[in-house]
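None of the figures in this text is laboratory data; all of them are computed from the coordinates on show. What you see is a predicted model; the values in this text were computed from it and never measured. Neighbour counts are summed over all protein chains in view; Cβ atoms, including those assigned to glycine, are modelled from backbone coordinates with ideal geometry.
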Amino acid sequence: MKIVLLFCGLLLSCSLSAQSAKPRAQVERVTVDYMGQAVEARRLTVTSEIPMPIEQVWANVKTPALLEFVAKGKIRFKPVSGSFPEVWQAGKTYAVKMRLWGFMPFGGTHYLYVKKIDKEAYELATEEWDRKAKVWNHDVVLRDLGGGRTYYEDSITIYGGWMTGLITRFAKRFYIHRQKRWQVVAANGLDFAP
């Protein structure tokens, strides 16, 4: 009987651990300002647990190399001029061309302004836009869960006029993909920090 209870407890523990690693997504309607007008947008929040210490997650979050890795298979980013820096820099705007699945032009020139990199709070915020996604404000929030585990949250506010719903559905798939790729980073101990 004790062996059966121990086995059931082990299965439950493994199941809960697998569920926390699986990304969870939520979409809500919000109102944002776009060019002086209050418009209806969507806020997409995708969360998961990464089995990696928060300092290591944070070091990776600040690099364009991580973005390229976690986006691989969905979107490829190519800087319009020059190359990406080794580490994102607050206050800088980067212009990129995006390729869906690595080859199909997508969205025209996409602009990414790094609004905030807060090491104390483990938060990185960008304001992004292109001709379709007029507002794409992205916040990354990390929390230390202890035991070498990190809570990871992508929160994206999206407005694209009549295309807002379509863009949000694409973004949901994209950010779930990104967080699944984070599990690959953690499982293989990958380090993109310079």
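Here are some notes:
- Integer Hz, Karplus 6.51/-1.76/1.60 couplings in order for region 135-144, x for Gly and Pro: 10, 8, 9, 10, 10, 9, 10, 10, 9, 6
- Derived scalar couplings ³J(HN,Hα) [region 105-122; Karplus, 6.51 cos²θ - 1.76 cosθ + 1.60; whole Hz; x for Gly, Pro]: x, 8, x, x, 7, 9, 10, 10, 9, 7, 7, 8, 10, 10, 5, 5, 8, 6
- Residue order, fewest to most surrounding Cβ atoms within 10 angstrom, among E120, E127: E120, E127
- The alpha carbon centroids of region 102-173 and region 58-75 are separated by 12 Å.
- Remark on region 23-187: ratio of C-alpha radius of gyration to 2.2 N^0.38 Å is 1.00.
- Using θ = phi - 60° and Karplus 6.51 cos²θ - 1.76 cosθ + 1.60, couplings along region 180-189 (whole Hz; Gly, Pro as x): 5, 5, 4, 5, 5, 4, 5, 4, 9, x
- Cβ crowding within 10 Å, taken as a proxy for footprinting-reagent exposure, orders M35, M163 from fewest neighbours to most as M35, M163.
- Here the chain is assigned +1 on the Cβ of each Lys and Arg and -1 on the Cβ of each Asp and Glu. Its dipole about the Cα centre then comes out at about 800 debye.
- Only helices enter the 222 nm calculation for the chain: every DSSP H run of n ≥ 4 contributes -39,500 (n - 2.57), and dividing by all residues gives -10000 deg cm²/dmol, rounded to 500.
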